Structures are given as structure tokens and as C-alpha cells.
Amino acid sequence: MSPLPIIIAGGGIGGLAAALGLAQKGFRCLVLEKASKLGEIGAGIQLGPNAFHSFDYLGVGDAAREQAVYVEFLRLMDAMSGEVIMHLPLDEGFRKRFGNPYAVVHRGDLHGVLLQGCEDSDLIELRVNADVTGYQQHGATVDVLLANGERVAGRALIGADGLWSAVRRGVVGDDAPRVSGHTTYRSVIPVDQMPEDLRWNAATLWAGPRIHIVHYPLSGWKYFNLVATYHNHAPEPVAGQPVSNEEVFKGFTHISETIQQVIHRGTDWKLWVLCDRDPVENWVDGPVTLLGDAAHPMMQYYAQGACMALEDAVCLAHMMERFAGDVDRAFPAYNEQRLIRTARVQLGARAIGEHIYHPDGAHARVRNHIMSNLTVEDYYDRFEWLYGGTGLDTNQ
């Protein structure tokens, strides 16, 4: 086995999870992060049971559970009428069915759990101010190119460098991501600023014409995460741009006053224009592969972006162990096992954004009728393929 490390481009949730998984199997890793400090931008993140399956595999399950808020329901509301469409309990029956809970967590807290695990490992080196711009292969090894002109040699390279992945350019060679035209505004508000009658221990989604709003408690019930999305045909990608309250409010004047009051409690808003890509079949170029958003960026509507990256890390580590570190066999096997499942989430997220989150008129009434008449077991059956997965399933 080569003495060179496996290099991971990107020190986000997916990159750190990949390093943890590989180190557990005895593989030395070097994580290269372009920022000056390891951390995560953003606030809340939802974790399905499949995320906790991955945490357990990676050896950080207990630490992740300590950071989570365990919501009691998934709740879908009609943003026009204020009526409940769907109210799904996440109680013991849910946990028994899927083997783990549903929870929400601050993105920074989750990243901290993975970071601590990496810092505790003798097999993982973390390096910041290391902006990966590309790679060159040399037989069974790869030189990773940095923006400062440096070349870092590795036995393999994993591109976990997100939507605008430089590694992906070498592997796939496709164009810029698809701009969805959906603008998401994010804020975090103290619990005492949340209207008292809406302080639900639930991951709540309000669906309306061309808009939706999500809120849930965070950080031990200190805050509520607030995400408001407006399908406004935004033409260009934007990430984390500060925006005025007035700009946020103008997209949500047509919905019920009940949920409007929540939007008016938000402050320090930032906006993102959502992007994704079409699924591609190949994520491998010799000793180079992709992971997470670099491989399969997706819309937020399944709340599965981080979960899929965690599953990728589990599957990649498993395949490297299975093939005794033989990258030529492990990387294609990982690609093949993850392809259908991640593509299904990518395409499904687009579909539910259109048909569940943003419809109007008769389309919305059909949604309400169908979803309000499904039983709890009906919903559990529909979620089985997603929440029952571990990242290692061959039949998904």
C-alpha cells in the first residue's frame, strides 16, 4: 500500500465524514480546506434516520445525538388557509420502524462533532488555506494542485468540494450548475421572538403558491431556524448575500397572516439562489472520485443533502475496506452503489418542489386532499426507501 495519504478536497460535513470513515479502516487521510478556518456556514439542518445510521458507522453517533433537537412531528401546513395538511408523528413507532430518530441540529454543531472526531484521529491531517484547483494523475498516484502553485501528492483524491467543485471539472467536465430560480432566505430568531402559538416541537413546512416557509427549534430550544423560499425566477447563483427585511417580505404578501407574522420576526436575513445538477453516471477518474454535492448536488426539498454526503462517506469507507485499499476496484464499486439512490433523491427533490411545496389552485387542492387522507403507516411506507437506507444497500 502506498505511503501517500488519501487526499480529500473540502473540509465540510462530507469531507470530514469521509476522512473519519477511511481512518477507521486504517487509511491515512489529508483534508485540504480552502477557507482559513474549518467551519460551516448556515444554521439549521434536518437529519433523517439514515443520517444517524451513518453517524453510528462513523463512530460519532453518541456525540451527534447530544447536539440534536428531537422534533416530535413533521407538519405540513397550507400557507394560504393556515390549515394542517399532514401531521406525522416521529414517536417510538417511527423510531422502531426506521431504527433511529428524526432530528434537527445546528449545522455548525454537527460539523464540530465530525471535526472533533477527525482531530482525535492519528490518521487524519487537517490543513486550511489550501484551495484545490485541479489535479494531475501520475500512474497510480495523483498530484493535487493548489491555488498558491503548490502540488500535493496523494495515492487518491476525493472531491468533497461542493457545488462548484474544482475536482468535478476534471472528473465530469460539465458546465456550471443549473440555476433553479428559487431564492431561499435564511434567518435565526430567539425562541421568545417566535409567536407563542407556533412554538411547535416540529419540523414545520408551510406550502403556498410559488413559496414555502420552514421553521423548527435549534440549539437546545434557544432559537428557531427560519427558511423562506420564493420561486422568483432568480437568474444567477447567489450564496449567503445579506438582504433587507423589505426584500424578503415582498415575496410573501399573498399568504396567511399567521405565517406572515413569523417572517416579520426574522432579522439579519441572507439569501441563496438554489442550484443543482442533473445526475451523471460516472464520478470516477482513475484514483479520483467525488462525494456529496460535488457528485450529486440537489435541491433542498427532501432535506437530504447532508444525509446523502454522510452515506457516501460510509459507502466509500466500506468499499475501500472490502477491496483492501485497491482504489481501482473500490472507487467504481462505490460509484455504482451510490448512483441510483442519489439520483433518485436529486430528481425527486425537484419533483416535490413543484408538486408538493409550490402549487396553486386546483393543483394545491389535489395535494391537500391526497396528503390529508394518507395514514401514518402510508407515510412510513413511502419513506421506507429513504429513511431505511444506510448507504450500503444494493437494492436501492
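The values are calculated or read from the model by the stated rules, or taken from the named source; none is laboratory data. All of these numbers come straight from a predicted model, not from anything done at the bench. Here Cβ is always computed from backbone atoms with ideal geometry, including for glycine, and neighbour counts include all displayed protein chains. Remember, those area values only see protein heavy atoms, side chains included, never the ligands or the DNA or RNA. Shrake-Rupley method; radii C 1.70, N 1.55, O 1.52, S 1.80 Å.
Summary value for the stretch 241-396: 21 percent relative contact order, contacts being C-alpha pairs under 8 angstrom separated by 6+ residues. Of all aspartates and glutamates in the structure, those lying under 16 Å Cα to Cα from LYS37, and not within fewer than 8 positions of it along the same chain, are ASP109, GLU119, GLU125, ASP131, ASP161.
With the highest mean first, a sort of the peptides 236-248, 58-70, 353-365 on other beta-carbon atoms found within 10 angstrom per residue produces 58-70, 353-365, 236-248. Sorted largest first, the spans of the alpha carbon positions of the chain along the three principal axes are 62, 43, 37 Å.
Remark: relative contact order (the stretch 99-149) = 21 percent; criterion is Cα-Cα distance under 8 angstrom and separation of 6 or more residues.
For the pair GLU125 and ASP268, a Förster radius of 30 Å applied to the C-beta separation gives a FRET efficiency near 0.25, rounded to the nearest 0.05. The charge dipole of the chain, taken about the Cα centre with unit charges on the Cβ atoms of Lys, Arg (+1) and Asp, Glu (-1), comes to about 260 debye, rounded to the nearest 20. With a simple spin-label model that places each label point 7 Å from the Cα along the Cα-to-Cβ direction, the separation between GLU257 and GLU236 comes to 3.9 nm.
Taking every protein chain into account, the 1.4 Å probe leaves TRP272 with about 50 Å² of accessible area, to the nearest ten.
To the nearest 0.05, what FRET efficiency results for ASN148 and HIS369 with a Förster distance of 56 Å applied to their C-beta separation?
My answer for the efficiency is 0.45.
Between ILE352, LEU316, PRO190, the Cα set farthest toward the positive side of the dipole of the chain (charges on each charged residue's Cβ, about the Cα centre) is that of ILE352. Between the stretch 301-346 and the stretch 1-65, the C-alpha centres lie 13 angstrom from each other. The modelled label-to-label distance for the pair GLU281/ARG97, using points 7 Å beyond Cα in the direction of Cβ, is 3.5 nm. With all protein chains kept in place, the per residue accessible area of the stretch 248-288 amounts to 45 square angstrom at a probe of 1.4 angstrom. The distance between label points at GLN24 and LYS250 comes to 4.9 nm (points 7 Å beyond Cα on the Cα→Cβ vector).
Here is the link list: LYS25/LYS96; LYS34/LYS250; LYS250/LYS270. Which ones come out longer than 26 Å on Cα distance?
Distance filter (> 26 Å) returns LYS25/LYS96; LYS34/LYS250.
By DSSP, the beta bridges lying fully in the chain are antiparallel in about 70 percent of cases. Taking all protein chains into account, the per residue accessible area for the stretch 50-151 stands at 45 Å² (1.4 Å probe). Distance between the C-alpha centres of the stretch 368-383 and the stretch 128-170: 45 Å, rounded to the whole angstrom. Considering only CYS29, LEU47, PHE73, the residue lying farthest towards the positive end of the dipole of the stretch 11-117 is CYS29, judged by Cα position with unit charges set on Cβ. Each peptide in 150-162, 324-336 receives the mean, over its residues, of other Cβ atoms within 10 Å, and ordering these scores from highest gives 150-162, 324-336.
Taking a ≥ b ≥ c as the square roots of the eigenvalues of the alpha-carbon gyration tensor, the stretch 234-367 is classed prolate because a/c is 1.5 or more and a/b outweighs b/c. Per-atom-type breakdown for the chain gives carbon and sulfur 48% of the accessible area (1.4 Å probe, protein chains only). Helices in the chain, meaning DSSP H runs of at least 4 residues, each add -39500 (n - 2.57). Divided by all residues, the mean residue ellipticity at 222 nm is -10500 deg cm²/dmol. Charge tally for ALA324 (other residues, Cβ to Cβ under 14 Å; Lys, Arg +1; Asp, Glu -1): +1.
Between ALA324 and ASP175, the C-beta separation translates, for a Förster distance of 41 Å, into a calculated FRET efficiency of about 0.65. When you restrict to C-alpha pairs under 8 Å that are six or more residues apart and normalise by the size of the stretch 1-82, the relative contact order lands at 24 percent.
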